[in-house]
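Q: Okay, here's the structure, questions in a sec.
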Amino acid sequence: MEKLASVLLVDDDTTNNFLNELLFKKLEITDRLLVAESGTEALQLLQWPDESHGPNLILLDVNMPGMNGIEFLETYVQLPATQRHATVVIMLTTTMDASDLARLNDLPIAGLVSKPLTQEKLATILQLHFQRTLPN
């Protein structure tokens, strides 16, 4: 499988981040996995000089202290197009209330995935959004 150039994982849970990093390394999806523990930190990581270095995929937790996933997205859509070019955003969640779901309707997400991330869920994301298949 052709690897993604870069993936950004945004989650305030260090245990989830550790497990997700292990999963990404095991599956060899990307050589460049960036991890942010807040929406604010994720926005700082997106300050690339040009779009060729930006992540192809952002996996974004909904519920985080400080700037949550929805607030991150509301700021993200205001970034210059070169900073959000060719990025697929998938929201990671354990639960969503109706008001959060309504706010997502106007934001550029490609889908919602329930936690925890699994090999099967990543395979589906790669197939649907990047037309790539994990090796058997």
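Readers should treat all values here as calculations from the given coordinates under stated rules, not as data from a laboratory. Remember, predicted model here, so these are calculated numbers, not experimental data. Note that we place each Cβ from the backbone using ideal geometry, even for glycine, and neighbour counts take in every protein chain shown.
Q: In whole Å, how far is the Cα centre of the stretch 105-135 from that of the stretch 59-81?
A: Cα centroid of the stretch 105-135 versus Cα centroid of the stretch 59-81: 18 Å apart.
Q: Another question about this same structure. Can you pull out the GluC sites (Glu not before Pro) in the stretch 8-110 that DSSP calls coil and that have at most 14 other Cβ atoms within 10 Å?
A: Answer by residue number: GLU28.
Q: What does the net charge come to around ASN16 if you take all other residues with beta carbon closer than 14 Å to its beta carbon, with K and R at +1 and D and E at -1?
A: Summing Lys and Arg as +1 and Asp and Glu as -1 gives -4.
Q: Assign unit charges at the C-beta atoms only (+1 for Lys and Arg, -1 for Asp and Glu), then state the dipole size of the stretch 7-130 relative to its Cα centre in Debye, rounded to the nearest 20. Numbers along the way, then the final one.
A: Values: 7 positive and 17 negative charges, 66 e Å.
Rounded to the nearest 20 debye, it is 320 debye.
Q: Would you mind classifying the stretch 57-136 by shape? Square roots of the alpha carbon gyration tensor eigenvalues, ordered a ≥ b ≥ c; an a/c under 1.5 is rounded, otherwise it is prolate if a/b is larger than b/c and oblate if not.
A: oblate
Q: Let me ask you something else. Within 10 Å, count the other beta carbons around each residue, average over each peptide in 55-62, 75-82, and list them highest first.
A: Values: 55-62: 24.2, 75-82: 12.2.
Order by mean packing, descending: 55-62, 75-82.
Q: How far apart, in nm, are the 7 Å Cα→Cβ label points at ASP106 and ALA5?
A: 3.1
Q: Something else: How far apart, in nm, are the 7 Å Cα→Cβ label points at ARG132 and GLN47?
A: With each label placed 7 Å out from Cα toward Cβ, I get 2.8 nm.
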